[in-house]
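In what follows, a single structure is set out as structure tokens and then discussed.
The values are calculated or read from the model by the stated rules, or taken from the named source; none is laboratory data. This is a predicted model, so every value here is computed, not measured. Glycine gets a Cβ as well: all are built from the backbone with ideal geometry, and neighbour counts include every protein chain shown.
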Amino acid sequence: MASIIEKEASYKDDKALISSVFHNRLKFGYVLGADSTINFITGQTSKNLNTQIDSEYNTYKNLGLPPTPINNPQIDSIVAAIKPKDSNYFFFFHDDEGNTYYSETDYEHTQKVCAIRGCN
């Protein structure tokens, strides 16, 4: 968990809330859906992710955590993994400046993404 938080958080202050999103997803049986695990598989950092890759590390297809860490997390990511903030968030995304936006529902998430990034 800490290694995924390490890659997903743009800023140190985001780590505990991102941890909360992942903990909420696990608690309610959702896939983590972490872009960082796809990037780990492909070795690329792309916004156009192939989430259908067959791999134990694909957190879009497999429930739970990947079999091993995807990097060496810093201590603040480890602390965030152990002590997530309390929230009702299940979704988050970053804008091009690294600001993080959180949502409780898929609908709310989609609306925020469209407002920030635009929708086609």
| field | Hits in the range 86-98 (condition: assigned to a loop (DSSP other than H, G, I, E, B) and surrounded by 15 or more Cβ atoms within 10 Å (Cβ to Cβ)) | value | Ser87, Tyr89, Phe90
| For residues in the range 50-92 being without any contact (Cβ under 8 Å) to a residue 24 or more places away in the chain and in contact with a Ser or Thr (Cβ under 8 Å, 6 or more places away or on another chain), which is nearest to Ala115 (Cα to Cα)? | Asn50
| query | So which residues in the range 100-117 are charged (D, E, K, R) and part of a helix (DSSP H, G or I), if there are any at all? | reply | Asp106, Glu108, Lys112, Arg117
| Are any residues in the range 13-28 of a type in the set (A, V, I, L, M, F, W, C) and either assigned to a helix (DSSP H, G or I) or within 16 Å of Pro73 (Cβ to Cβ) (or both), and if so, which ones? | Ala16, Leu17, Ile18, Val21, Phe22, Leu26
| Of the residues that sit in the range 29-46 and are assigned to a loop (DSSP other than H, G, I, E, B), in contact (Cβ under 8 Å) with a residue 24 or more places away in the chain and surrounded by fewer than 20 Cβ atoms within 10 Å (Cβ to Cβ), which one is farthest from the chain's Cα centre (by Cα)? | Gly29
| message | Just checking, does the range 103-114 include any residue being hydrophobic (A, V, I, L, M, F, W, C), out of contact with any Cys (no Cβ under 7 Å at 6 or more places or on another chain), modelled with pLDDT under 95 and surrounded by fewer than 19 Cβ atoms within 10 Å (Cβ to Cβ)? | response | yes
| field | Verdict on Asn71 being surrounded by fewer than 16 Cβ atoms within 10 Å (Cβ to Cβ), modelled with pLDDT of 95 or more and more than 18 Å from Arg25 (Cα to Cα) | value | yes
| query | Which residues, counting only those in the range 49-86, are among the polar types (S, T, N, Q) and under 15 Å from the mean Cα position of the chain (by Cα)? | reply | Thr51, Asn58, Thr59, Asn62, Asn71, Ser77
| remark: Checked against (1) in a loop (DSSP other than H, G, I, E, B); (2) more than 16 Å from Thr37 (Cβ to Cβ); (3) at pLDDT below 95, Leu49 satisfies every condition except (2)
| task | State all residues of the range 52-69 that are touching a Pro at 6+ places or on another chain (Cβ under 6 Å) and either outside any loop (DSSP other than H, G, I, E, B) or farther than 18 Å from Ile5 by Cβ (or both); if no residue qualifies, say none. | result | Glu56
| said: Restricting to the range 23-65, count the residues that are under 18 Å from Ala80 (Cβ atoms), among the hydrophobic types (A, V, I, L, M, F, W, C) and touching a Gly at 6+ places or on another chain (Cβ under 9 Å). | reply: 2
